[in-house]
Amino acid sequence: MLKYLKNRFRKEQFHPSFLGALINPFYFPRRNLLRHIKEIAPFVSGRLLDIGCGRKPYQKIFHCTEYVGLEIDSPENRLSKDADCYYDGKTIPFPDANFDSIFLSQVLEHVFEPDGLLVEINRVLRPGGKLLVTVPFAWDEHEQPWDYSRYSSFGLKHLVGKHGFTILEHRKSGNDITAVLQMFNNYLYKVLVSRYSWGYLLLTPIFIAPINLFGILLVRLLPSNNDFYLDNILLAGKTGDPVT
């Protein structure tokens with residue numbers, strides 16, 4: 001029973017059902033990211049490299065011939081992540097044109113020199129291969145001190161485009177009242193929930209769940225706003241070499 005509850009709780013973090021609205025402080029962004037990734041996943045195929053894979057929460061969404069998880073090499077990552085291989089954060093340890101697709105989810109904001117990473121991504125991706133990126137726009141500082149940047153839609157498209165990629169699709173996730181409500185949830189999470197080891201399961205249902213439930217109703221009544229949103233989702237195809 002305990003194992004089942006632990007697995008269900010873990011699932012609700014990245015694949016939230018309605019139950020996630022009661023126990024997940026990040027219900028809105030995770031639910032929206034899941035929906036967009038599911039919709040774009042059919043365009044991503046072949047041998048896929050998930051850079052910054054964590055525990056591979058989206059692996060089962062992709063129908064690939066091989067799914068390879070990559071993480072920065074550190075004692076903490078080797079204990080807590082489900083990576084298949086590790087690297088030094090500079091050189092991706094694979095030959096040129098080795099992958100058909102690359103998935104980079106909620107990672108780019110933690111890369112201090114994104115140009116170097118995109119040069120490496122271009123190198124290991126075959127011509128015509130696909131790059132799927134998700135990255136936050138409106139969000140608080142997290143995983144300090146390794147949080148370096150935020151990307152507007154224009155900045156992200158420019159950054160990816162100058163490294164030999166053609167933008168195939170761009171979406172804005174959480175471009176409605178849930179973006180405002182999530183900012184308040186982030187505040188409550190930082191000042192209440194994250195301060196106590198027991199806070200996640202006890203304080204989230206008390207303080208954050210009502211906001212999530214209110215947002216589920218309110219998003220049906222209020223218009224969207226493409227200038228204030230939570231996350232960028234971008235699909236690009238490799239068409240050339242990076243601009244040097």
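The values are calculated or read from the model by the stated rules, or taken from the named source; none is laboratory data. Just so we're clear, the structure is a prediction, and the values are computed from it rather than from any experiment. Virtual Cβ from ideal backbone geometry, glycine too; neighbours counted across all protein chains shown. Note: accessible area is taken over every heavy atom of the protein model, side chains too, but ligands, DNA and RNA are not part of it. Shrake-Rupley method; radii C 1.70, N 1.55, O 1.52, S 1.80 Å.
Kindly list, by first and then second residue, each pair from a residue in the stretch 41-58 that is buried (at least 17 other Cβ atoms within 10 Å of the Cβ) to a residue that is assigned to a loop (DSSP other than H, G, I, E, B) and of a type in the set (Lys, Arg), limited to pairs with Cβ atoms under 6 Å and residues at least 6 apart or on different chains.
Gly54/Lys81
Determine which single condition Lys190 fails, assuming it passes every other condition in (1) among the charged types (D, E, K, R); (2) open to solvent by 100 Å² or more (accessible area, probe 1.4 Å); (3) outside any loop (DSSP other than H, G, I, E, B).
Lys190 satisfies every listed condition except (2).
Sort out for me the strands (runs of 3 or more DSSP E) sitting completely within the stretch 58-132 that have 3 or more residues that are more than 24 Å from Leu34 (Cβ to Cβ).
So the answer is 85-87.
Give the number of residues within the stretch 13-40 that are in contact with a Lys or Arg (Cβ under 9 Å, 6 or more places away or on another chain) and open to solvent by less than 10 Å² (accessible area, probe 1.4 Å).
The total comes to 4.
From Leu159, Leu213, Leu217, grab the single residue that is out of contact with any strand residue (DSSP E or B) (no Cβ under 6 Å at 6 or more places or on another chain), touching a residue at least 24 places away in the same chain (Cβ under 8 Å), open to solvent by 40 Å² or more (accessible area, probe 1.4 Å) and part of a helix (DSSP H, G or I).
After ruling out the rest, the residue left standing is Leu213.
Kindly indicate the residue of the stretch 64-112 that is under 24 Å from Pro136 (Cβ atoms) and among the β-branched types (Val, Ile, Thr) and also surrounded by the fewest Cβ atoms within 10 Å (Cβ to Cβ) among those meeting that condition.
Once the filter is applied, the top-ranked residue is Ile72.
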